[in-house]
Amino acid sequence: MSATAAPSTLSILLDIELPLTLRFGKANLHLNDILELETESMVELDRPISEPVEVMINGRTVARGHVVEVEGNYAVRVTDVVSRRDRLNTTTGAI
């Protein structure tokens, strides 16, 4: 690809929207336990609250960070960006 073609190609791609997911952890539940969930039920996840959340795009981890509050809303302060090689090598988002 020539140096002159790259900026026009990149500008086309910058407008594409991708689904972003924040993964706090995961849990395996029996169907019976899921059916019994109600308001104020608690589901225990597989990682401690002190560990960073994963920022995922299309099921791949792209960054990690900590949940913060900004003007009454939740946000993620990114503390680590996953390398390009690791992003390409992951299929489930877990590294």
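No lab work stands behind these numbers, since they all come straight from the coordinates. Treat the numbers as computed from the prediction; the structure is a model and nothing was measured.
Which of T61, T79, T39 moves the most in a Gaussian network model of the chain with Cα springs under 10 Å?
Per the Cα network of the chain with a 10 Å cutoff, T39 tops the list.
Which one of R47, R64, R84 has the biggest mean-square fluctuation once the chain is modelled by GNM with Cα springs under 10 Å?
R84
D for the chain, whole µm²/s, Stokes-Einstein with Kirkwood Rh over alpha-carbon pairs at 37 °C and 0.692 mPa s: what number? Walk me through the intermediate numbers first.
Numbers: Rh = 16.3 Å.
Rounded to a whole number, D works out at 201 µm²/s.
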